[in-house]
Amino acid sequence: MPFIEHLSDTELERLALEQVVPALQEYGFYYVDGLLGELAGGAVLDQVKDMHRSGVLQDGRLAGSVPAVHRRSIRGDKIAWVSGSERGCEAINFLLNLIDKLISFCSGRLGNKAIRERSQAMVACYPGNGAGYVKHVDNPNCDGRCITCIYYLNKNWNAKEHGGILRIFPEGKSYVADIKPLFDRLLFFWSDRRNPHEVQPSYTTR
């Protein structure tokens, strides 16, 4: 697949040590724009669109026993879990390998957090009918998840018109962080109770 030339290991390590690690330690989150570029990012987007068209994505499920009647008012996304090795996920696999390498450079420099593996990647689509995800914590029960990584695929996104902002409420801080879901943006944040967050309603499919 004709991916553009990507960052060298040296450049990735510099990004991890000089930007990702300090930002996580001070603010609890970090994002970088233009990670893959138009060609490779577009290839990931095409594969996600194929998954959506083929019906692979299913309604997002909630942990615990929440009555079904309330679920879509809490979480309105459609999701699928992938390892990257599936047929038709070559570009997604390229992205995951890049993120894995970036996180590996951070490992050992994030306090007492030893990151040894990642879960499968969640591919998610918000239908654009006002769907969002209410304020929550990704890892409220010490299940081992340390860092949440989100890669956005929304071209020509206007947050004022389309919504879909991810709002982080950093623990102990007097501010919130609003992250626009812009194409080719990669976001990192702590998965535990330090970073409650919500996905505000989306008014176009993303």
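What follows draws every value from the coordinates through simple rules; no lab data is involved. Because the structure is predicted, anything quoted here is derived from the model rather than measured. Neighbour counts are summed over all protein chains in view; Cβ atoms, including those assigned to glycine, are modelled from backbone coordinates with ideal geometry.
With loop defined by DSSP as not H, G, I, E or B, and exposure as at most 15 other Cβ atoms within 10 Å, which is the longest segment of the chain clear of exposed GluC sites (Glu not before Pro)? Don't jump to the answer; show the numbers that get you there.
Details: sites that count: E5, E86, E117, E171.
After excluding every exposed loop site, the longest remaining stretch is 6-85.
Neighbouring Cβ atoms within 10 Å as the yardstick, rank M51, M122 fewest first.
On the way: M51 20, M122 13.
Least crowded to most crowded, the residues run M122, M51.
Give me the Kirkwood hydrodynamic radius of the stretch 88-206, using the inverse of the mean 1/r over all pairs of distinct Cα atoms, in Å to one decimal.
Averaging 1/r across every pair of different Cα atoms and inverting gives 15.5 Å.
What's the tally of Lys pairs in the chain whose alpha-carbon atoms lie under 18 angstrom apart, where the two lysines are 8 or more places apart or on different chains?
Lysine pairs, 8 or more places apart or on different chains, close enough: 8.
Rank F105, G41, L57 by how far each Cα sits towards the positive end of the charge dipole of the chain (+1 on Lys, Arg Cβ; -1 on Asp, Glu Cβ) and give me just the farthest.
L57
Taking a spot 7 Å from the Cα of K101 along the direction of its beta carbon, which residues of the stretch 36-58 have an amide N less than 20 Å from it?
36-45, by backbone N distance to the label point.
Would you calculate, for the chain, the mean residue ellipticity at 222 nm contributed by helices, counting each DSSP H stretch of 4 or more residues as -39,500 (n - 2.57) and dividing by all residues, to the nearest 500? Can you show the working numbers first?
Numbers: 6 runs with 58 residues, N = 206.
Taken over the chain, the calculation gives -8000 deg cm²/dmol.
As a footprinting exposure proxy, order W190, W81, W157 by other Cβ within 10 Å, with the fewest listed first. Please list the in-between numbers first.
On the way: W190 23, W81 10, W157 20.
The order, fewest Cβ neighbours first, is W81, W157, W190.
So how strong a dipole does the stretch 9-202 carry about its Cα centre when Lys and Arg Cβ are +1 and Asp and Glu Cβ are -1, to the nearest 20 debye?
About 640 debye.
Which loop trypsin sites (Lys or Arg not before Pro) in the stretch 73-177, with loop taken from DSSP, have no more than 13 other Cβ atoms within 10 angstrom of their Cβ?
Numbers: sites: R75, K78, R87, K101, R109, K113, R116, R118, K135, R145, K155, K160, R167, K173; in loops: R87, R109, K113, R116, R118, R145, K155, K173.
Within the stretch 73-177, the qualifying trypsin sites (Lys or Arg not before Pro) (loop, at most 13 other Cβ atoms within 10 Å) are R87, R116, K155, K173.
For the stretch 131-198, what Kirkwood radius comes out of the mean inverse Cα-Cα distance, in Å?
Working: mean 1/r = 0.0781 Å⁻¹.
This gives a value of 12.8 Å.
Calculate the spin-label point distance for C142 paired with D178, positioning each point 7 Å from the Cα along the beta-carbon direction, and give it in nanometres.
3.6 nm
Which of Y151, Y27, Y133 moves most in a GNM of the chain, Cα contacts under 10 Å?
Comparing Y151, Y27, Y133 in the GNM, the peak value goes to Y27.
(i) -1.02, -1.16; (ii) -1.23, -1.34; (iii) -1.37, -1.72: which one is log10 I(q)/I(0) by the Debye sum over Cα atoms at q = 0.17, 0.19 Å⁻¹ as calculated from this entry?
Checked against the structure: label (iii).
What residue among L182, L57, L39 shows peak mean-square fluctuation when the chain is described by a Gaussian network model with Cα springs under 10 Å?
L39
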